[in-house]
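Q: Take a look at this one; I'll ask things after.
The values are calculated or read from the model by the stated rules, or taken from the named source; none is laboratory data. Keep in mind that what you see is a predicted model, and the values were worked out from it rather than measured. Neighbour counts run over all protein chains shown; Cβ positions are idealised from the backbone, glycine included.
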């Protein structure tokens, strides 16, 4: 279950979704790692750790007309959102939203993990 809401109080600015776990990607955890070739033929690997701000969450979920309308409203009216998943509570921005045949697909760029 996923809850998406506006970051300010708005009765129309929240929606609860049951994601399709086989097509959603909520556990993307990239690290800030680079590999640089050296003159002697080797490499140097620099690992700057994990930052939740590098995450992009992909959510695919069934959405009735009410949920689709709420998602559209949030996407059109708010720059930042709050997103609650089983992995935590995040702030971020909806990058893209597609609603088709009772299904919604959205991509969320995570700003930070709040808890």
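Q: Any chance you could count how many residues in the range 83-98 are in contact with a strand residue (DSSP E or B) (Cβ under 8 Å, 6 or more places away or on another chain) and surrounded by fewer than 18 Cβ atoms within 10 Å (Cβ to Cβ)?
A: The total comes to 9.
Q: Residues of the range 17-35 being surrounded by 15 or more Cβ atoms within 10 Å (Cβ to Cβ) and in contact (Cβ under 8 Å) with a residue 60 or more places away in the chain, which ones?
A: Residues satisfying the conditions are 17, 26.
Q: What number of residues within the range 86-108 satisfy the criterion of being touching a residue at least 24 places away in the same chain (Cβ under 8 Å) and more than 10 Å from the chain's Cα centre (by Cα)?
A: Count: 10.
Q: Moving to a separate point now. Of everything in the range 16-35, what is under 22 Å from residue 72 (Cα atoms), out of contact with any helix residue (DSSP H, G or I) (no Cβ under 7 Å at 6 or more places or on another chain) and part of a strand (DSSP E or B)? Give them in sequence order.
A: If the condition is that a residue be under 22 Å from residue 72 (Cα atoms), out of contact with any helix residue (DSSP H, G or I) (no Cβ under 7 Å at 6 or more places or on another chain) and part of a strand (DSSP E or B), then 16, 25 are the ones that fit.
Q: Let me ask something else. Any idea how many residues of the range 36-85 are without any contact (Cβ under 8 Å) to a residue 24 or more places away in the chain and part of a strand (DSSP E or B)?
A: 10
Q: When residue 73 is evaluated against the numbered criteria (1) touching a strand residue (DSSP E or B) at 6+ places or on another chain (Cβ under 7 Å); (2) surrounded by 13 or more Cβ atoms within 10 Å (Cβ to Cβ), which criterion, by number, is the only one it fails?
A: Just one mismatch for residue 73, condition (1).
Q: Quick check on my filter: what residues within the range 99-115 are over 15 Å from residue 25 (Cβ atoms), out of contact with any helix residue (DSSP H, G or I) (no Cβ under 7 Å at 6 or more places or on another chain) and modelled with pLDDT of 95 or more?
A: Of everything in the range 99-115, just one residue is over 15 Å from residue 25 (Cβ atoms), out of contact with any helix residue (DSSP H, G or I) (no Cβ under 7 Å at 6 or more places or on another chain) and modelled with pLDDT of 95 or more, namely 114.
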